[in-house]
Amino acid sequence: MTYSGATTYPVPASIDDTLKLLHAGGYIAGHEIGPWVDRLAARIASFPIEAVRAAKAAVKAADLPLQQGLLEEAYLFQTLLRNPSAQRNMARFLANGGQTREGELKVNDLSTALGRGA
């Protein structure tokens, strides 16, 4: 059986749970949570609305039975790839080394640059 290359992550029940996990795990100090959330919100807002909608739908698909959820995620990804802005961003991502070892080590920076239109 073959699925898309996208990754499915476990999703905590709420943003509060997520922040508690990040803080409890030592990833974010209590005084850094507000600025961290602000940066995350700005980053999400920088991406094309179609990509944000597809990402939200993919997260919701995690509630489905595994095979159905993976198929839904693959469908959403394939649908998104047909969008002209997604095609431009994918070409820019690849041109900037996104699928190289070096690119994978800085995928967060590459993605942020694409969101900003850099």
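Regarding Ala24, is this residue open to solvent by 40 Å² or more (accessible area, probe 1.4 Å) and within 18 Å of Arg116 (Cβ to Cβ)? First the steps, then the outcome.
Working: open to solvent by 40 Å² or more (accessible area, probe 1.4 Å): yes; within 18 Å of Arg116 (Cβ to Cβ): no.
For Ala24, the condition - open to solvent by 40 Å² or more (accessible area, probe 1.4 Å) and within 18 Å of Arg116 (Cβ to Cβ) - is not met.
Consider region 26-41. How many of its residues are modelled with pLDDT of 85 or more and either basic (Lys, Arg) or in contact with a helix residue (DSSP H, G or I) (Cβ under 9 Å, 6 or more places away or on another chain) (or both)?
Looking only at that region, the number is 0.
Residues being over 26 Å from Arg53 (Cβ atoms) and open to solvent by 90 Å² or more (accessible area, probe 1.4 Å): count how many of those fall in region 86-105.
Count: 3.
Could you tell me whether Leu114 is open to solvent by less than 60 Å² (accessible area, probe 1.4 Å) and part of a helix (DSSP H, G or I)?
yes
State which residue pairs qualify: first residue in contact (Cβ under 8 Å) with a residue 60 or more places away in the chain and inside region 52-71, second residue acidic (Asp, Glu) in any location, beta carbons under 8 Å apart, and separation of 6 or more residues or different chains.
From residues that are in contact (Cβ under 8 Å) with a residue 60 or more places away in the chain, the pairs are Gly69/Asp63.
What is the number of the single condition among (1) within 23 Å of Leu70 (Cα to Cα); (2) of a type in the set (Phe, Trp, Tyr); (3) at pLDDT 70 or above that Tyr9 does not meet?
With respect to (1) within 23 Å of Leu70 (Cα to Cα); (2) of a type in the set (Phe, Trp, Tyr); (3) at pLDDT 70 or above, Tyr9 is out only on (3).
Kindly establish whether Phe77 is open to solvent by 60 Å² or more (accessible area, probe 1.4 Å), in a helix (DSSP H, G or I) and modelled with pLDDT of 85 or more. Working first, answer last.
Numbers: open to solvent by 60 Å² or more (accessible area, probe 1.4 Å): yes; in a helix (DSSP H, G or I): yes; modelled with pLDDT of 85 or more: yes.
Here the answer is yes, as Phe77 does meet what is asked.
Could you tell me how many of the residues in region 23-61 are over 28 Å from Ala91 (Cα atoms) and not aromatic (Phe, Trp, Tyr)? I'd like the intermediate steps shown before the answer.
Filtering region 23-61 for residues over 28 Å from Ala91 (Cα atoms) gives 23-38.
Next, from what is left, pick out any that are not aromatic (Phe, Trp, Tyr): 23-26, 28-35, 37-38.
Count: 14.
The values are calculated or read from the model by the stated rules, or taken from the named source; none is laboratory data. All figures in this text were calculated on a predicted structure; none of them were measured in a lab. When we count neighbours, we look across all protein chains shown, and the Cβ atoms used for this are built from the backbone with ideal geometry, even at glycine. To get the accessible areas, we keep the full protein, side chains included, count just its heavy atoms, and leave off ligands, DNA and RNA. Shrake-Rupley method; radii C 1.70, N 1.55, O 1.52, S 1.80 Å.
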